[in-house]
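Enquirer: Handing you a structure now.
Just so it is clear, none of the values below were taken in a lab; they were calculated from the coordinates. Just so we're clear, the structure is a prediction, and the values are computed from it rather than from any experiment. A quick note on method: Cβ atoms are made from the backbone with ideal geometry, for glycine too, and the neighbour counts reach across all protein chains shown.
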Amino acid sequence: MDPGRRVPEGLDSVHGRRFLGAAARPRRRDHRIAATDGSRRSRAGAGPAGGRIGARAPGELELWQGLWQLADGLERALRGESLVAAARLRRGRDLVGAYEDRPPHALDITGLLAWSTHLIDELADTTRDPDWVPPVPRLRMP
């Protein structure tokens, strides 16, 4: 039995779902991408926020995409990618901003908007301290 597999040798599907194994090339096994139908789907879903949220909360799809953009912008700011971070933060701010008048899940949308605007301004400042660390936002209302 291959140490990375969780199914017995020779068994590559249960209830019609294929497992990674003989049907997957070694390169694809490393990336957890199934090779059953030729598509390149990852195990997490397709795209930002897993790509599955729209089916569960169709009215909140832009909210979750915006939160993903804000998180990605923060990650990029931590890596020092200022231009990309600012673009992601702007996009996330625009998407999340639509929920300011009716914040779902007790999210502090107003605070997230202020945080993202502040962070975008900080990223544009080329004279900031090289040891600068971006502030982390508060997500819930107090």
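Enquirer: Identify all residues within region 93-109 that are surrounded by 14 or more Cβ atoms within 10 Å (Cβ to Cβ) and either touching a Ser or Thr at 6+ places or on another chain (Cβ under 6 Å) or under 18 Å from residue 140 (Cβ atoms) (or both); write none if there are none.
Expert: In the first step, residues of region 93-109 are kept if they are surrounded by 14 or more Cβ atoms within 10 Å (Cβ to Cβ); the result is 93-97, 99, 103, 107-109.
Within region 93-109, 93, 96, 97, 99, 103, 107, 108, 109 qualify.
Enquirer: Something else: When only residues in region 121-138 that are crowded, with 16+ Cβ neighbours inside 10 Å and within 19 Å of the chain's Cα centre (by Cα) count, which is nearest to residue 69 (Cα to Cα)?
Expert: Here the answer is 137.
Enquirer: Condition first: over 14 Å from residue 135 (Cα atoms), among the charged types (D, E, K, R) and outside any loop (DSSP other than H, G, I, E, B). Now tell me which residues in region 73-125 satisfy that.
Expert: Once the filter is applied, which keeps residues that are over 14 Å from residue 135 (Cα atoms), among the charged types (D, E, K, R) and outside any loop (DSSP other than H, G, I, E, B), region 73-125 yields 88, 90, 91, 93, 94.
Enquirer: Same structure, new question: Pairs under 8 Å by beta carbon, first residue in contact (Cβ under 8 Å) with a residue 40 or more places away in the chain in region 77-104, partner part of a loop (DSSP other than H, G, I, E, B), six or more apart or different chains?
Expert: Correct list of pairs: 77/134; 78/133; 78/134.
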